[in-house]
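A short reminder: the numbers here are calculations on the coordinates, not readings from a lab. The structure displayed is predicted, hence computed values, not measured ones. Cβ atoms come from the backbone with ideal geometry, glycine included; neighbour counts cover every protein chain shown.
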Amino acid sequence: MNLLELHEVSKIFGGLVALNELSFSVEEGSVVGLIGPNGAGKTTVFNCITGNYRPEHGRISFAGRDVTGLRPHALVKLGIARTFQSIRLFGRLPVLENVLAGRHCRLKSGLLASMLHTPAQRREEREAVRRCMEELDFVGLAAHHAEEAGSLSYGNQRLLEIARALASDPHLLILDEPAGGMNDQETVALIDLIGAIRDRGITVLLIEHDMRLVMRICEKLVVLENGCLIAQGEPAVVRANPAVIEAYLGAESEVW
Amino acid sequence: MNLRTLAGLLLAVCLAFLPLVAGPYWISVCVNVGLYALLGLSLNVILGQAGIFHMGHAAFYAVGAYTTAILNTLYQWPIFAAMPLAGAVAALVAVAVARPIIHLRGDYLLIVTIGIVEIVRIALLNDVGGYTGGSNGIFGIGRPNFFGFKIVKTIHFYYLVWGMVAVSILLFYGLWRSRFGRALNYIKEDDVAAEGCGVHVTSYKLSAFVLGAFWAGMAGTLYAAQMTTITPESFNFMESVIIFAVVILSGGSMLGVLVSAFLFIGLPELLREFSNARMLIFGLAMMLMMIWRPQGLLPPRPRRYQAAEEFCGAGSAPGRDAA
């Protein structure tokens, strides 16, 4: 079953057609890679799916429901969580509170319960903290929970963004260049982590330039160029596609 | 117990026994400090916690004071009965004016909120609906009656105002500890990331605004009851600036707000003998402050999470120990 479907989605900035009637789908439980040269419109696709941009044309449906034009916070509540290409953590807040930000939409305590510090509110807080610590443990950052998020290393900040996204109980996790800025060792660990996320039953859609990672982990690739879909399918098939090789001019075998 | 909690308790004890040693003049100064502390605490939710640059807080203060005055003088409402309604009317005004502008950022919002306080002042000056009495304001506001005890003297108001400050601190502390307080901090840090994490940014900004306005409205009730006469000039732009400066100087913690309220309202009184030079000295102190301590006097400490320590203590964390 398809968890996410894009149907003829177009996004236009002024005179620039960033996405041109793009259609593809993401099957539930799979890991799908979105690739293409710089400026192909990959991040624009993500921003349309997560509600940061509103497409001019087309329809996006998630779990059988039309979600086009919903605000980002509403989409998180429906089960779409994301990380950002340029890391966007709350740098001056503790690591744990960053993860609690992801948990926020699953908590219910209102203004009055918070001010009065009711037993139900305290119970919910404890439970949320425990759950977020589990997510930190999952990405291997539990020991850093009290540190300022901005003081973490680059690779750990990426992991923290993933933990924050996971804390919102997503059905679909969208990763924008998760290996960006990571060294080889960290990238290998990241591949295992993405596998573990998939094993939890969470569908993953990712943008990545590191082709080893993409080839290792993705079950399906979607290739964009100039806002148009040029190929999609299994990695092995896509990598042999002449249009894809053409798009990656001169990249051919040494990259793949 | 840490140093800051200790300082807070010490301050509370000092305040409780101050009337025994201080003369009527200083008690009335301290009532004033308490009112500004209350206004500072309410603005702290908006400006300190959520980072919304709001410089029109005197507008909500005025709405609360005038609501109380009108209900009391025209409809004979007791002061304490008028208090929640004064807060509610201020909150309602806040919703009406903030909803269209809440998406503005930083200095743009600042300019609009300055507009709000001017609009309110000029509206009051023009005797809106024949209720506000124009530039003469409203006089003859009754004294509050606390379960049969009539609050008349300055010392009564002293305990009333500071009691209200204590209750506000307790409630706002709970708020700061909660998901609500965290959500405001996320918005202050990075509102795009906050929205992307599932925080309904607009609604939280608006809630912070409304809550702050509600509290300022209630502070207005206390002011009206203490002064018994209110005029539009009591709520001019300078008032907004002072409340704003109290919060900026404080650094965003509640103890900081109390300290900076004392510095802003109490210190100029201490410097009175320097008469004309006192504002100069004060301005210089502010400038030095901005150079050497731009984060404010006492920025809030990070929240602590017992459950997180327990989680690490239980050995679920692999290997390393928390620093």
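Looking at the stretch A:1-77, which trypsin sites (Lys or Arg not before Pro) are DSSP coil and have at most 12 other C-beta atoms within 10 Å of their C-beta?
Taking the stretch A:1-77 and a limit of 12 other Cβ atoms within 10 Å, no loop trypsin sites (Lys or Arg not before Pro) are found.
Helix-only estimate, please: 222 nm mean residue ellipticity of the protein assembly as shown, summing -39500 (n - 2.57) across DSSP H runs of length 4 or more and dividing by its residues, to the nearest 500.
Computed mean residue ellipticity for the protein assembly as shown: -17000 deg cm²/dmol.
Mind checking B:167-173 for the average number of partner chain beta-carbons within 10 Å of each residue's beta-carbon?
Across B:167-173, the average partner-chain Cβ count within 10 Å equals 2.
Sorted from fewest to most neighbouring beta carbons within 10 Å, what does the list A:S153, B:S42 look like?
Fewest-to-most Cβ neighbours within 10 Å comes out as A:S153, B:S42.
Pull out a ≥ b ≥ c, the square roots of the eigenvalues of the alpha-carbon gyration tensor of chain A, then state rounded if a/c is under 1.5, prolate if not and a/b is larger than b/c, and oblate in the remaining case.
prolate
Sorted from fewest to most neighbouring beta carbons within 10 Å, what does the list A:D176, B:D107, B:D190 look like?
The fewest-first ordering by Cβ neighbours comes to B:D107, B:D190, A:D176.
Looking at the square roots a ≥ b ≥ c of the eigenvalues of the Cα gyration tensor of the stretch B:89-139, which shape do they give, rounded for a/c under 1.5, prolate if a/b is larger than b/c, or oblate?
The shape class here is prolate.
Return the single residue from B:N276, B:N126, B:N32 with maximal mean-square fluctuation; model: Gaussian network over chain B, springs between Cα atoms under 10 Å.
Evaluated over chain B, the most mobile residue of the options is B:N276.
Let me make sure I get this right: for the stretch B:191-321, a, b and c are the square roots of the gyration tensor eigenvalues over alpha carbons, sorted descending. Under 1.5 in a/c it's rounded, otherwise prolate if a/b > b/c, else oblate. Which is it?
prolate
Give me the angle, in degrees from 0 to 90, between the Cα long axis of helix A:119-139 and the longest principal axis of the Cα atoms of chain A, rounded to the nearest 10.
Around 40 degrees separate the two axes.
Which of the residue pairs A:K108/A:K220; A:K220/B:K188; A:K77/B:K205; B:K150/B:K205; A:K42/A:K108; A:K11/A:K108 have a Cα-Cα distance greater than 28 Å in the structure shown?
Pairs exceeding the cut-off: A:K108/A:K220; A:K220/B:K188; B:K150/B:K205; A:K42/A:K108; A:K11/A:K108.
Largest first and in whole Å, what are the equivalent-ellipsoid semi-axes of the stretch B:123-280 based on the Cα gyration tensor, each being the root of 5 times an eigenvalue?
31, 21, 19
Within 10 Å of each Cβ in peptide B:185-192, how many partner chain Cβ atoms are there on average? Round it to a whole number, please.
5
Just the projected area, averaged over all directions, of the convex hull on the alpha carbon atoms of chain B: how many nm²?
Taking the Cα atoms of chain B, their convex hull projects to 19.8 nm² on average.
Please report the equivalent ellipsoid semi-axes of the protein assembly as shown, computed as sqrt(5 x eigenvalue) of the Cα gyration tensor, largest first, in whole Å.
54, 26, 20
Please determine, in degrees from 0 to 90 and to the nearest 10, the orientation of helix B:3-21 with respect to the longest principal axis defined by the Cα atoms of chain B, where the helix direction is its Cα long axis.
It works out to around 20 degrees.
How big is the convex hull of the Cα atoms of the stretch A:1-142, per residue, in Å³?
It comes to 164 Å³ per residue, whole-number rounded.
Rule-of-thumb check for the stretch A:95-181: C-alpha Rg over 2.2 N^0.38 Å?
Taking N as the residue count of the stretch A:95-181, the ratio is 1.16.
When chain B is treated as a GNM, springs tying every alpha-carbon pair under 10 Å, which of B:C30, B:C312, B:C197 comes out with the largest mean-square fluctuation?
B:C312
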